[in-house]
1. Based on what the data block shows, is Ser63 over 13 Å from Thr4 (Cα atoms) and of a type in the set (Ser, Thr, Tyr)?
2. Among the residues of the range 39-56, write down those that are surrounded by fewer than 16 Cβ atoms within 10 Å (Cβ to Cβ), assigned to a loop (DSSP other than H, G, I, E, B) and touching a residue at least 12 places away in the same chain (Cβ under 8 Å).
3. From the residues in the range 33-53 that are in contact with a strand residue (DSSP E or B) (Cβ under 7 Å, 6 or more places away or on another chain) and aliphatic (A, V, I, L, M), which one is farthest from Gly66 (Cα to Cα)?
4. Just give me the residues in the range 6-33 being among the hydrophobic types (A, V, I, L, M, F, W, C) and touching a helix residue (DSSP H, G or I) at 6+ places or on another chain (Cβ under 7 Å), in sequence order.
5. Give the residues of the range 33-58 that are closer than 16 Å to Thr13 by Cβ and β-branched (Val, Ile, Thr), sorted by residue number.
6. Pairs under 9 Å by beta carbon, first residue within 14 Å of Trp38 (Cα to Cα) in the range 9-21, partner among the β-branched types (Val, Ile, Thr) and surrounded by 10 or more Cβ atoms within 10 Å (Cβ to Cβ), six or more apart or different chains?
7. Sort out which residues of the range 18-38 are modelled with pLDDT of 95 or more, surrounded by 14 or more Cβ atoms within 10 Å (Cβ to Cβ) and not in a helix (DSSP H, G or I), and write them in order of number.
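The values are calculated or read from the model by the stated rules, or taken from the named source; none is laboratory data. Source: prediction; values computed, not measured. Cβ placement follows ideal geometry from the backbone for every residue including glycine, while neighbour counts extend to all protein chains displayed.
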Amino acid sequence: MAWTWRFEKADGTEVAPAVQPEEFTTQGDAESWIGELWKDLVEGGADQVVLFDGETKIYGPMSLHGNDE
């Protein structure tokens, strides 16, 4: 299965990411990618993300904003 991210506005509507992700082979690779690029994603209009393993939702929505929102 491929690990993928869904990018959303705060209300849950899907948005296109500012940085196009790949399909990741591990959860750790997907999480590392978000950890490196979350600021670019926020600047591009994403507020939160949801992680999927294939069609299975693993967790989320997870805010891309810090506690200082």
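1. Values: over 13 Å from Thr4 (Cα atoms): yes; of a type in the set (Ser, Thr, Tyr): yes.
Yes, satisfied.
2. Residues of the range 39-56 surrounded by fewer than 16 Cβ atoms within 10 Å (Cβ to Cβ): 39-40, 43-45, 53-56.
If we keep only those that are assigned to a loop (DSSP other than H, G, I, E, B) too, we end up with 44-45, 54-55.
If the condition is that a residue be surrounded by fewer than 16 Cβ atoms within 10 Å (Cβ to Cβ), assigned to a loop (DSSP other than H, G, I, E, B) and touching a residue at least 12 places away in the same chain (Cβ under 8 Å), then Gly44, Gly45, Gly54 are the ones that fit.
3. Here is the first cut: in the range 33-53, the residues in contact with a strand residue (DSSP E or B) (Cβ under 7 Å, 6 or more places away or on another chain) are 33-34, 41, 46-53.
If we keep only those that are aliphatic (A, V, I, L, M) too, we end up with 34, 41, 46, 49-51.
On the way: Ile34: 14, Leu41: 13, Ala46: 13, Val49: 13, Val50: 16, Leu51: 18 Å.
Per the criteria, the residue is Leu51.
4. Just the residues of the range 6-33 that are among the hydrophobic types (A, V, I, L, M, F, W, C), to begin with: 7, 10, 15-16, 18-19, 24, 30, 33.
Correct list: Phe7, Ala18, Val19, Phe24.
5. At the first step, the residues of the range 33-58 found to be closer than 16 Å to Thr13 by Cβ are 41-42, 44-50.
Those that are closer than 16 Å to Thr13 by Cβ and β-branched (Val, Ile, Thr): Val42, Val49, Val50.
6. Cβ pairs passing all conditions: Lys9/Val15; Pro17/Val49; Ala18/Val42; Pro21/Thr4; Pro21/Ile34.
7. Phe24, the sole residue that qualifies.
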